[in-house]
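The values are calculated or read from the model by the stated rules, or taken from the named source; none is laboratory data. Model, not experiment: these values are computed from the prediction. Cβ placement follows ideal geometry from the backbone for every residue including glycine, while neighbour counts extend to all protein chains displayed.
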Amino acid sequence: MNAPDREPASDLWPDPLVSRVPYRVYTDPGLYREELERFFYRGHWCYVGLEAEVPNPGDFKRTMIGERSVILVRAEDGSLAVVENHCAHRGARFCQREFGTAKRFVCPYHQWNYDLKGNLVGVPFRQGFVVEGRKVGGMPPDFDMKAHGLTRLRVQSHNGVVFASFDHGVPDLRDYLGPEVMPWYERVFDGRRLVVLGYSRQRIPGNWKLMQENIKDPYHPGLLHTWFVTFGLWRADQRSQMVLDAHGRHAAMISRRNQGGEGEATRGVASFRQNMKLHDERVLDVVPEPWWNGPTVTMLTLFPSVIVQQQVNSVSTRHIVPRGPGVFDFHWTHFGFADDTPEMTRRRLRQANLFGPAGYVSADDGEVIEMQQQGFVQDPAARTLSELGGRDVGPTDHMVTETLIRGLYRYWRGVMEV
Ligand code: FES
Ligand code: FE2
């Protein structure tokens with residue numbers, strides 16, 4: 001696609017290296033609009049939710065793909081549909097509820113109504129109306145109900161997680177996720193029934209890509225996060241593995257925790273607090289689960305819209321909802337499995353205190369992303385540097401690397417034709 005209103009690629013990103021990202025990539029409104037088109041509305045699958053959120057026919061969830069409001073719904077026949085939330089009549093975003101159960105979607109403005117798959121099934125006064133014995137008004141005789149349904153998206157779910165795309169030509173979801181990352185996806189989502197434990201939401205004043213980068217960045221957790229360093233959930237001395245798909249867009253950071261405490265990995269690390277003690281030890285009452293198969297943490301970035309977190313017993317999806325070049329919303333869904341004991345459910349919920357907007361760990365990430373965005377705005381001519389572990393892109397068997405971030409920008413440049 002041509003982008004006539006954009007400056008030449010050589011001016012935007014003069015450096016040939018993907019490891020040096022111009023600050024403007026995070027601040028430019030025109031680039032941001034193109035990203036929505038090229039990543040969120042075309043050629044990609046975006047996360048819309050868990051099947052467990054819409055278990056029964058008629059159940060729906062309102063959510064976002066990029067900046068577009070959509071509705072995930074379980075149709076009468078049990079299948080999943082995703083329709084766009086604007087009326088085919090005069091455009092009203094008719095659904096204002098987050099969740100609900102419905103037989104029809106009815107737009108409040110003129111009460112056009114749609115079945116659960118988005119087909120238009122009712123138009124008031126379509127045949128006109130009899131006033132003083134005379135039929136008046138009505139839609140033109142050639143008005144075709146079938147031509148005026150809601151925008152329908154392509155939908156696929158895999159082991160309980162639902163993705164949708166405005167682009168009906170997008171490759172099959174399995175191929176899209178790719179064989180490198182799929183085993184890590186299926187480690188968490190192996191077909192067991194999921195149970196939603198709760199939600200949290202936050203607005204982060206930073207570019208949406210920074211959240212993808214944050215979970216492609218194994219460099220920071222053992223430095224930024226006092227909690228991880230001190231209690232040994234994530235440190236440079238852990239056995240780790242970085243995996244990415246053939247495009248460099250999706251990735252998995254995989255690691256196995258050690259015992260914490262002082263060691264080579266804490267020497268000189270400012271965030272290490274030797275004397276920090278928990279008032280309530282249950283927050284770290286970790287019980288290994290058979291499906292872990294070794295690693296205690298796996299963080300998946302499924303580009304562009306979702307992160308899947310397993311950090312010990314806490315599991316969640318984190319949905320990225322961009323709202324402009326300098327801000328995004330972050331929707332967390334904490335979940336568990338239908339065969340969890342009540343004790344395990346409580347454990348997952350307690351450990352979820354590490355995550356979410358005010359999480360002992362995740363609050364740090366929101367804050368540093370905001371600090372990055374502040375830096376980008378103040379000097380648009382500058383660029384970032386991600387060269388830990390070299391300048392190449394590829395899998396590694398350690399975490400002392402920024403290879404996943406380089407992979408992301410190699411892909412970004414390709415799709416954006418920069
Ligand atoms: Fe929806 Fe008129 S805008 S019925
Ligand atoms: Fe972090």
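Values computed for the structure shown
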item: Among the residues listed as Gly128, Gly133, Gly122, the single one being in contact with a strand residue (DSSP E or B) (Cβ under 6 Å, 6 or more places away or on another chain) and exposed (fewer than 13 other Cβ atoms within 10 Å of the Cβ); result: Gly128
item: First in segment 83-94 and under 19 Å from Ala164 (Cα atoms) and more than 16 Å from ligand 2 (Cβ to nearest atom), second anywhere and of a type in the set (D, E, K, R) and part of a loop (DSSP other than H, G, I, E, B), Cβ under 7 Å, 6 or more apart; result: Asn85/Arg93; His86/Arg93
item: Residue selected from segment 207-261 under the condition among the small types (Gly, Ala, Ser) and within 13 Å of ligand 2 (Cβ to nearest atom), by the criterion surrounded by the fewest Cβ atoms within 10 Å (Cβ to Cβ); result: Gly222
item: Flag if Gly336 is within 13 Å of ligand 2 (Cβ to nearest atom), closer than 23 Å to Phe231 by Cβ and in contact with a Ser or Thr (Cβ under 9 Å, 6 or more places away or on another chain); result: no
item: Segment 259-313: number of residues that are assigned to a loop (DSSP other than H, G, I, E, B) and among the hydrophobic types (A, V, I, L, M, F, W, C); result: 9
item: Residue that is surrounded by fewer than 19 Cβ atoms within 10 Å (Cβ to Cβ), more than 16 Å from ligand 2 (Cβ to nearest atom) and either modelled with pLDDT of 95 or more or of a type in the set (Val, Ile, Thr) (or both), where the choices are Gly100, Gly66; result: Gly100
item: Only listed residue being closer than 21 Å to Met211 by Cβ and over 20 Å from the mean Cα position of the chain (by Cα), chosen from Val368, Val418, Val400; result: Val418
item: Segment 368-405, residues that are surrounded by 22 or more Cβ atoms within 10 Å (Cβ to Cβ) and in contact with a Lys or Arg (Cβ under 7 Å, 6 or more places away or on another chain); result: Ser386, Leu404, Ile405
item: Count of segment 88-132 residues which are in a strand (DSSP E or B) and over 13 Å from Phe60 (Cα atoms); result: 9
item: Cross-chain or 6+ apart pairs with Cβ under 6 Å, segment 353-374 first and among the acidic types (Asp, Glu), then more than 16 Å from ligand 1 (Cβ to nearest atom); result: Asp364/Leu224; Asp364/His225; Asp365/Asn214; Glu370/Pro205; Glu370/Gly206
item: Residue match in segment 59-72 (condition: closer than 25 Å to Asp167 by Cβ, within 16 Å of ligand 1 (Cβ to nearest atom), of a type in the set (Phe, Trp, Tyr) and part of a strand (DSSP E or B)); result: no
item: Some residue of segment 359-370 being among the small types (Gly, Ala, Ser), at pLDDT 95 or above and away from ligand 2 (no atom under 16 Å from the Cβ); result: no
item: Filter result for Phe355 (hydrophobic (A, V, I, L, M, F, W, C) and away from ligand 2 (no atom under 16 Å from the Cβ)); result: no
item: Neighbours by Cβ (under 9 Å, 6+ apart or cross-chain): first from segment 264-290, polar (S, T, N, Q); second in a loop (DSSP other than H, G, I, E, B) and surrounded by fewer than 14 Cβ atoms within 10 Å (Cβ to Cβ); result: Thr266/Gln274; Gln274/Gly261; Gln274/Glu262
item: Complete set of residues in segment 97-154 that are small (Gly, Ala, Ser), under 42 Å from the mean Cα position of the chain (by Cα), farther than 25 Å from Val170 by Cα and away from ligand 1 (no atom under 15 Å from the Cβ); result: Gly100, Ala102
item: Among the candidates Gly91, Gly30, residue that is modelled with pLDDT of 95 or more and either at positive phi or within 16 Å of ligand 1 (Cβ to nearest atom) (or both); result: Gly91
item: Matching entry among Gln212, Gln309 (being farther than 30 Å from Pro342 by Cβ and away from ligand 1 (no atom under 16 Å from the Cβ)); result: Gln212
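Rundown of residues vs (1) more than 16 Å from ligand 1 (Cβ to nearest atom); (2) under 25 Å from Asp190 (Cα atoms); (3) aliphatic (A, V, I, L, M); (4) in a helix (DSSP H, G or I), yes/no style:
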position: Gly336; (1), (2), (3), (4): yes, yes, no, no
position: Asp340; (1), (2), (3), (4): yes, yes, no, no
position: Ala363; (1), (2), (3), (4): yes, no, yes, yes
position: Phe376; (1), (2), (3), (4): yes, no, no, yes
position: Ala381; (1), (2), (3), (4): yes, no, yes, no
position: Glu387; (1), (2), (3), (4): yes, no, no, no
position: Asp392; (1), (2), (3), (4): yes, no, no, no
position: Trp412; (1), (2), (3), (4): yes, no, no, yes
